[in-house]
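What follows is a single structure, written as structure tokens, with notes after it.
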Amino acid sequence: MPTIDIEDLGLDEGALFLIRRALADLQTGETLTVRGRAPNWERHLDSWRRHEGHAMATRATPDGVTEVVLTRGPWAEDRWRGALATGQSQLEPGDLPAAEADAAWGLAARGATVEAGSPPIGFSLSTRDEIWAATAGELYRQAAAGQWDPQTAIDWDAPFDLPPVIEAAVAQVMTYLVENENAALIVPARHLGQVHPHYREVQQALALQCADEARHIEVFTRRLGLRGHAPMLSTAGGQASLHSLLRAPDFSTAAFLLSVLGEGSFINLLNFLHEHAPDPVTRQICRLAARDEARHVAFGMAHLEHRLAAQPGYLIRLQSAIEQRHEELTPTAGLNEEVFDALVLLAAGELTPPAVARGHLAVQRLKADMAAGRKARLLRLGFLSDEAQRLSDLHTRNFM
């Protein structure tokens, strides 16, 4: 029978730590003898052992030392349960977290042992297939490494002087970009707090997606007013298009409409603006924002590829989401004329018929590139060619 001597150390002075460590080495039914001389230490131990489920017998010794025999009880094992069959601290390539996250795991780290009686915490996104993306962890690491500071990454003091009509076009486009990024921030933010912490890679990827969009809103707003221009037109059609993203019925549909279709087309727009930017600040902003948006599209694609591999029938729901959104937005005007004209003018560079003709052609090419990109992503998700073309054509005229 193992014996430890806590001497005159009280339970509240560290003796309990020594006793717990000694008991941890025993099996249920085995005994531990504890000797001590602190005043009333055995009474305090008696209260603790009842809570822990151990048996206890006390006896006095001839030398005046109190001696306690603790028998390890079975409840000591029952009060603990493994949160997972595996306890990886980090997923290896190809490994997957649990198919369903137990509410009883609460906020514990994945793989931790969770004590029985811990309060269950409900998360509405608690099954793997409805949120998982195989590359979520890698995309998070890329995003963490790729964060940039708007104050230092952009040369806000770069000299330029634009004609008032060109500056107004930039202000109109920036006004449009801000409202689109407002929606692109709100959609992942609405889902972030609903993800069970067991799927931490998804949480982390969404958190940095929100950070990206917040930063985009900052820089687009700052460029809008850089030369003293006020925000310009926001139309009912544009607002209706973006509002429909907020009403997506589940995480996967939201990722599909926002990231795969909307942000995918948004990358084309940002690349267009980078190419035709009339000043260095706008060019820098659009280059950096496009790089961030590419990660968002990659996450949306990876998630939907996972879900469709597990649930091929979900493809019908994605098709219905496009069709329903198109039907809802049919009465609206889509992209407002002011934004379209601003894009034409930025590509033209001046208000002359030949230049405007070139600008108009450039915007038509932009729209064709957007459509081709949407179709390519739809094909990758499993839609047949004709259906992918049809669904791409149904995408909102507001781009996002």
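Values in this text are rule-based calculations from the coordinates and carry no lab data. All values derive from a computational prediction rather than experimental measurement. When we count neighbours, we look across all protein chains shown, and the Cβ atoms used for this are built from the backbone with ideal geometry, even at glycine.
Structure data summary
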| read-out | value |
| --- | --- |
| Furthest towards positive pole of dipole, 320, 339, 282, structure part region 275-400, Cβ charges | 320 |
| Options 18, 74, 32, ranked by Cα towards positive dipole end of region 3-76, top entry (Cβ charges) | 74 |
| Under the Karplus curve 6.51 cos²θ - 1.76 cosθ + 1.60, θ = phi - 60°, whole-Hz ³J(HN,Hα) for region 112-119, x wherever Gly or Pro sits | 6, 8, 9, 5, 4, x, 5, x |
| Helix 264-276 vs. the chain, principal-axis angle (Cα, 0 to 90°, nearest 10) | 50 degrees |
| Length added when fully stretched, residue 151-residue 333, from 0.36 nm per residue minus Cα-Cα | 61.9 nm |
| Options 203, 98, 3, ranked by Cα towards positive dipole end of the chain, top entry (Cβ charges) | 98 |
| Prolate/oblate/rounded label for region 217-304 (Cα gyration tensor, a/c 1.5) | oblate |
| Debye log10 I(q)/I(0) at q = 0.13 Å⁻¹ for region 303-400, Cα point scatterers | -0.58 |
| Theoretical FRET efficiency, 1/(1+(r/R0)^6), r = Cβ-Cβ of residue 305 and residue 376, R0 22 Å, to 0.05 | 0.95 |
| Proxy reagent accessibility, fewest Cβ within 10 Å first, across 216, 360, 306 | 360, 306, 216 |
| Crossing angle, helix 164-192 versus the chain [Cα axis fit, 0-90 degrees, rounded to tens] | 30 degrees |
| Theoretical FRET efficiency, 1/(1+(r/R0)^6), r = Cβ-Cβ of residue 247 and residue 50, R0 35 Å, to 0.05 | 0.05 |
| Charge dipole magnitude, Cβ of K and R +1, D and E -1 - the chain, Cα centre, debye nearest 20 | 520 debye |
| Candidates 199, 314, 140: whichever shows maximal mean-square fluctuation once the chain is modelled as a Gaussian network with Cα springs under 10 Å | 314 |
| Antiparallel bridge percentage (DSSP; both residues within the chain; nearest 5) | 75 percent |
| Cα Rg over Rh - region 3-76, Kirkwood | 0.93 |
| Distribution of pairwise C-alpha distances over the chain, 20 Å bins, in % | 23, 39, 19, 15, 4, 0 |
| On Cα atoms only, tilt of 314-329 relative to the major axis of the chain in degrees | 50 degrees |
| Mean-position separation - Cα centroids, region 222-278 and region 38-52, in angstrom | 65 Å |
